[in-house]
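In what follows, a single structure is set out as structure tokens and then discussed.
The values are calculated or read from the model by the stated rules, or taken from the named source; none is laboratory data. On a predicted model such as this, the values are computed, not experimentally measured, just so you know. So basically every Cβ, Gly included, is an ideal-geometry build from the backbone, and we count neighbours across all protein chains shown.
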Amino acid sequence: MMSGEEEAPTPQQEPEQVKKTDEPPPAAAAEEEEEEKLAKLASGSGSPAAAEEEKPITYRALVLTGYGGCDKIKLQVKSMKKASLKAGEVLVRVKACGLNFAELLGKQGLYELLPAPPVTLGMEGSGVIEAVAEDVTDRKVGDRVMAMNRHGMWQELAVVPANRTFPIPDGMSFEEAAALPINYMTAYMMLFEMANLRPGKSVLIHMAAGGVGIAATQLCQTVKDVTIFGTASASKHETISQGGVTHPIDYRTKDYVTEIRKISPKGVDIVLDPLGGSDTQKGFGLLKPLGMLIVFGAANCVTGQKKNLLAMAKTWYNQLTLNTLKLMQTNKAISGFHLGYIRDEELFEETLVKLLELYQQGKIKPHIDSCYHFEEVADAMKRMHDRQNIGKVILLPEPKKSEEKPESNAEAAENLEKAETAVSEKKEDAAEEKELKEEN
Ligand SMILES: NC(=O)c1ccc[n+]([C@@H]2O[C@H](COP(=O)([O-])OP(=O)(O)OC[C@H]3O[C@@H](n4cnc5c(N)ncnc54)[C@H](OP(=O)(O)O)[C@@H]3O)[C@@H](O)[C@H]2O)c1
């Protein structure tokens with residue numbers, strides 16, 4: 001069982017109580033459904049092992065309990081009693097999970113594909129298959145897989161559609177496998193399916209030291225003579241230069257448009273824009289004739305841990321608006337990309353197969369920035385919020401071992417402070433919950 005971080009029971013851990021309410025909100029219903037699925041997993045009544053299988057299985061999950069700062073993500077223990085998987089599903093014992101920028105957005109209520117809280121976070125992970133539905137023939141118990149789901153990967157046990165799992169090649173660690181699907185599929189589809197990257201072209205990659213940025217840099221290098229302009233905080237320039245960025249630019253102290261024009265007066269062929277707002281306008285301005293801008297994010301909306309309405313308004317106000325006539329007159333293309341809205345399972349599989357080939361040829365390799373245990377999710381998210389990560393931040397479901405705990409006095413004092421904050425937050429949550437129950 002869990003240590004000090006274990007949360008007080010929440011409505012999510014008490015499905016009976018949730019069911020008593022008239023109309024559970026859709027997100028709560030989805031969560032309940034997921035719990036029920038998991039809860040049916042130890043079925044087999046009538047078999048000799050039935051009594052043993054009736055024992056509840058407990059598993060830890062990182063649950064977004066409301067919108068706001070990192071304190072809204074709680075490590076909860078869920079339990080299940082009985083089980084069966086729906087057609088096409090597998091149960092994965094999760095070993096590592098990827099943190100994506102989308103979770104920073106989701107935490108603030110800015111990611112439209114994430115159901116409302118309470119909801120278990122996490123869109124990708126890796127692990128070992130623990131059970132398969134009867135109709136699943138191409139996956140078996142014991143397979144090492146990477147997996148993607150709309151949410152719900154940040155838990156020790158996750159039910160996933162089998163066609164959203166992909167075998168992990170020999171030699172690839174669980175951490176690498178958790179880092180690969182979203183970042184590399186996003187970069188691959190944009191560069192090769194949309195922008196049709198060819199030898200001799202130039203690409204502007206923003207957030208070049210981040211998960212997608214490093215994936216895009218590595219993929220650009222699979223094509224001959226591609227020039228890469230990459231924006232990133234100055235402290236990361238050495239790493240991204242070694243990784244293949246031709247011209248690293250510190251966007252925090254310099255105007256990247258001026259810097260690019262100094263090197264390439266005509267501009268660039270492809271701009272990957274995860275920022276939005278005025279940066280989309282700048283990107284469009286930087287395109288050479290016949291160039292393509294791909295908008296795939298709105299990181300400019302995020303300025304800190306909590307939602308910033310001013311930043312959102314500014315990003316929206318400064319967004320690029322133009323008509324198709326103007327596009328024709330400028331000979332430029334604009335594209336939008338969102339992996340979450342791709343529903344073509346074959347496209348996922350084909351892309352993953354190509355990526356795994358590139359991995360096995362040594363042409364791509366996820367760059368792991370850091371690994372945090374579930375208990376440390378706030379530190380993991382803070383690292384990304386504070387723009388410190390180079391590559392992928394990974395979350396590990398395995399509980400943190402006591403010997404891994406920091407020993408210095410300063411760290412011990414910091415931990416004590418954190419524990420005290422956690423206790424007071426827990427009290428606040430319990431009070432809020434009590435109020436809610438009383439209202440109902
Ligand atoms: N549309 C899609 O399907 C899709 C899929 C995946 C990701 N994305 C988008 O791609 C972008 C990168 O995602 P990722 O998961 O790979 O994250 P990431 O790049 O690892 O994000 C963190 C890094 O981004 C930079 N950054 C720029 N603006 C920031 C801000 N407002 N707050 C915090 N950091 C900021 C920081 O590095 P520097 O200061 O060094 O630049 C930071 O270290 C995001 O905009 C994300 O929404 C879109």
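For segment 364-390, residues that are charged (D, E, K, R) and touching a helix residue (DSSP H, G or I) at 6+ places or on another chain (Cβ under 7 Å) total 2. Every condition in (1) β-branched (Val, Ile, Thr); (2) modelled with pLDDT under 95; (3) closer than 18 Å to LYS354 by Cβ holds for VAL223 except the one numbered (2). Restricting attention to segment 194-217 and to residues that are in a helix (DSSP H, G or I) and free of Cβ contacts under 8 Å to residues at least 60 places away in the same chain, the residue that is nearest to the ligand (Cβ to nearest atom) turns out to be GLY213. Against the condition in the same structural domain as MET292 (by the TED database), among the charged types (D, E, K, R) and near the ligand (Cβ under 9 Å from one of its atoms), how does ARG252 come out, does it pass? For ARG252, the condition - in the same structural domain as MET292 (by the TED database), among the charged types (D, E, K, R) and near the ligand (Cβ under 9 Å from one of its atoms) - is met.
Considering (1) surrounded by fewer than 16 Cβ atoms within 10 Å (Cβ to Cβ); (2) within 13 Å of the ligand (Cβ to nearest atom); (3) in a helix (DSSP H, G or I); (4) polar (S, T, N, Q), the lone condition that GLN242 does not fulfil carries the number (2).
Scanning segment 337-352 for residues being in a helix (DSSP H, G or I) and within 17 Å of GLU124 (Cβ to Cβ) gives a total of 9. Taking the conditions (1) out of contact with any Gly (no Cβ under 8 Å at 6 or more places or on another chain); (2) in a helix (DSSP H, G or I) in turn, GLU103 satisfies each one other than (1).
GLY230 fulfils the conditions (1) touching a strand residue (DSSP E or B) at 6+ places or on another chain (Cβ under 9 Å); (2) near the ligand (Cβ under 10 Å from one of its atoms); (3) part of a helix (DSSP H, G or I); (4) closer than 25 Å to ALA102 by Cβ except for a single criterion, (3). In segment 389-400, the residue that is nearest to the chain's Cα centre (by Cα) out of those that are of a type in the set (D, E, K, R) and more than 8 Å from the ligand (Cβ to nearest atom) is GLU398.
Taking (1) of a type outside the set (Lys, Arg); (2) in contact with a strand residue (DSSP E or B) (Cβ under 7 Å, 6 or more places away or on another chain); (3) free of Cβ contacts under 8 Å to residues at least 60 places away in the same chain; (4) within 13 Å of the ligand (Cβ to nearest atom) in turn, ASP279 satisfies each apart from (3). If you check ASP379, ASP386 for being near the ligand (Cβ under 10 Å from one of its atoms), without any contact (Cβ under 8 Å) to a residue 24 or more places away in the chain and not assigned by the TED database to the domain that holds LEU157, only one passes: ASP386. The residues of segment 126-179 that are within 16 Å of the chain's Cα centre (by Cα), in a loop (DSSP other than H, G, I, E, B) and of a type in the set (A, V, I, L, M, F, W, C), listed by number, are MET153, TRP154. Scanning segment 245-273 for residues that are closer than 21 Å to GLY362 by Cα and not in a loop (DSSP other than H, G, I, E, B) returns no hits. Per the listing LEU114, LEU191, the residue uniquely crowded, with 21+ Cβ neighbours inside 10 Å, assigned by the TED database to the domain that holds GLY98 and more than 15 Å from VAL92 (Cα to Cα) is LEU114. Among the residues of segment 282-305, those that are within 15 Å of the ligand (Cβ to nearest atom) and farther than 20 Å from ARG387 by Cα comprise LYS282, GLY283, LEU293, ILE294, VAL295.
Just name the residue that is surrounded by the fewest Cβ atoms within 10 Å (Cβ to Cβ) out of those in segment 380-396 that are under 9 Å from LEU99 (Cβ atoms) and in contact with a strand residue (DSSP E or B) (Cβ under 7 Å, 6 or more places away or on another chain). Per the criteria, the residue is ARG383. Screening segment 350-376 for residues that are over 28 Å from VAL271 (Cβ atoms) and either modelled with pLDDT under 95 or within 16 Å of the ligand (Cβ to nearest atom) (or both) and picking the one that is surrounded by the fewest Cβ atoms within 10 Å (Cβ to Cβ) gives CYS371. Annotation for segment 249-266: at least one member residue is buried (at least 23 other Cβ atoms within 10 Å of the Cβ) and not hydroxyl-bearing (Ser, Thr, Tyr). Within segment 306-315, the residues that satisfy the criterion of being within 14 Å of the ligand (Cβ to nearest atom) and surrounded by fewer than 21 Cβ atoms within 10 Å (Cβ to Cβ) are LYS306, LYS307, ASN308, LEU310, ALA311, MET312, LYS314.
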